[in-house]
């Protein structure tokens with residue numbers, strides 16, 4: 001089939017130029033007419049943003065940390081991609097998918113400031129980080145460092161490599177209200193020995209919302225020859241995220257969290273010089289050892305989710321990263337500032353504003369996290385998630401940009417009312 005006939009065939013199938021990512025992008029006039037006109041507190045702008053979501057009015061959703069609700073434009077784009085992909089069948093996968101994936105990788109690479117040959121698309125953070133943890137060239141007696149506040153799935157994976165390879169896992173505790181960044185760095189540094197090979201840390205701790213000084217920890221670890229793996233599940237499209245700024249060796253994230261891309265979409269960054277050291281999860285055709293495609297094989301993918309990432313990136317660009325970060329931090333500060341110092345209220349998130357953004361964790365003296373979550377939902381129609389970990393006990397609160405100030409005020413009022421009854 002020659003190129004002209006091939007393109008004609010794609011258009012007849014609803015693919016090609018008639019179904020490129022730009023077909024589902026945010027209108028340009030929306031991007032320019034509102035640019036820089038509104039602050040994080042401007043109610044009219046954020047009210048217009050809220051209208052872009054199809055929300056269940058029966059409860060207030062403050063559990064966007066699992067995955068964020070997609071705006072209608074992104075959900076509609078995914079639906080359209082499902083229909084066109086189904087119509088095209090294997091023709092699309094065999095003739096166009098690879099080119100589309102390359103374009104998406106180019107775009108995501110620019111977003112996180114890395115080379116295109118250092119990034120692969122995955123299905124979620126767990127898949128990304130587990131690939132590194134399980135594929136690392138472990139030897140018996142090697143040591144790995146992580147925190148007990150890290151995500152449970154990652155801790156489980158380190159447990160598996162410990163059982164399989166004899167790796168020694170050294171688990172530290174992150175100080176909740178550090179006076180300085182150096183206090184946190186010192187905790188990780190104290191755990192390093194001559195046998196330490198890999199250090200994992202969270203860019204934003206998922207259960208508390210604490211932002212860690214990744215660059216400083218990475219710089220310290222590299223002085224000892226220790227590789228650094230960053231769990232970025234809650235940082236990408238939430239706060240500024242640049243591989244050049246972080247300086248880490250590996251970074252994984254889920255795009256269905258703060259980017260609001262469809263479920264089952266994520267990415268993994270691997271520094272070019274470290275790619276050859278990793279074993280893939282699934283075997284690929286022979287490729288150069290430093291070719292990241294060697295690590296990315298998972299079989300047939302839900303490509304409609306991958307394609308809709310373009311629309312999610314368009315939406316994020318329309319909101320503007322700084323404006324989104326400011327709004328999310330303003331929402332969190334709005335309710336936490338009402339509760340700090342109040343009787344029976346336990347806030348498990350740093351008080352310094354720069355050490356957190358949207359995510360915070362709150363407990364009530366005398367109540368289990370599960371009971372508090374139940375009371376918030378059944379009595380106040382507020383949905384959260386209970387966190388019951390050794391160092392953190394409370395409900396994680398994760399608003400999104402569609403959340404209103406009035407809704408987080410309702411949360412604060414509910415928590416104060418519950419606390420007063422204890």
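Read-outs: derived from the displayed coordinates by stated rules, not from any lab. Not measured: the values here are computed from a predicted model. Virtual Cβ from ideal backbone geometry, glycine too; neighbours counted across all protein chains shown.
Among bridges DSSP assigns within segment 183-272, what percent are antiparallel (round to 5)?
45 percent
Give the order of 58, 260, 162 when sorted by the count of other beta carbons within 10 angstrom, beginning with the fewest.
Ordered by Cβ neighbours within 10 Å, fewest first: 58, 162, 260.
Per 0.36 nm of contour for each residue apart, how much would the distance between residue 47 and residue 281 grow if the chain were fully extended, relative to their Cα-Cα spacing?
Between residue 47 and residue 281, full extension yields an extra 79.8 nm.
Please state the shape class of segment 256-312: rounded when a/c is under 1.5, otherwise prolate if a/b exceeds b/c and oblate if not, all from the C-alpha gyration tensor.
The shape class here is prolate.
Of the DSSP beta bridges with both residues in segment 99-313, give the percent that are antiparallel, rounding to the nearest 5.
About 40 percent, rounded to the nearest 5.
Work out, step by step, the length gained on full extension between residue 54 and residue 289: first 0.36 nm times the residue separation, then minus their alpha carbon distance; give nm to one decimal.
Full-extension gain reported as 80.1 nm.
What FRET efficiency, computed as 1/(1 + (r/R0)^6) with R0 = 41 Å and r the Cβ-Cβ distance, is obtained for residue 76 and residue 156, rounded to the nearest 0.05?
Calculated value: 0.65.
Order these by the 10 Å Cβ neighbour count, fewest first: 173, 349.
Starting with the residue having the fewest Cβ neighbours, the order is 173, 349.
Helix-derived [θ] at 222 nm for the chain: sum -39500 (n - 2.57) over DSSP H runs of at least 4, divide by residue count, nearest 500?
-12500 deg cm²/dmol
So between residue 222 and residue 263, what do we pick up on full extension, going 0.36 nm a residue minus the alpha carbon distance?
11.3 nm
How would you order 233-241, 296-304 from highest to lowest mean count of nearby Cβ atoms within 10 Å?
Peptide ranking by packing, descending: 233-241, 296-304.
Quick check on the exposure proxy: order 254, 305 from fewest to most C-beta atoms within 10 angstrom.
The order, fewest Cβ neighbours first, is 305, 254.
Based on DSSP, what percent of beta bridges with both residues in the chain are antiparallel, to the nearest 5?
50 percent
Using the Kirkwood formula over every pair of different C-alpha atoms, what hydrodynamic radius in Å results for segment 208-340?
By the Kirkwood definition, the hydrodynamic radius is 17.0 Å.
If I model a spin label as a point 7 Å beyond the Cα along the Cα-Cβ vector, how far apart are those points for residue 298 and residue 165 in nm?
The answer from the label model is 2.1 nm.
Where does the Debye-calculated log10 I(q)/I(0) of the chain sit at q = 0.07, 0.08, 0.14 Å⁻¹, using only Cα point scatterers of equal weight, no solvent?
The Cα Debye sum returns log10 ratios of -0.36, -0.47, -1.32.
When only alpha-carbon atoms are used, what values of Rg and Dmax, in angstrom, describe segment 296-407?
Answer for segment 296-407, Rg first and Dmax second: 17.5, 54 Å.
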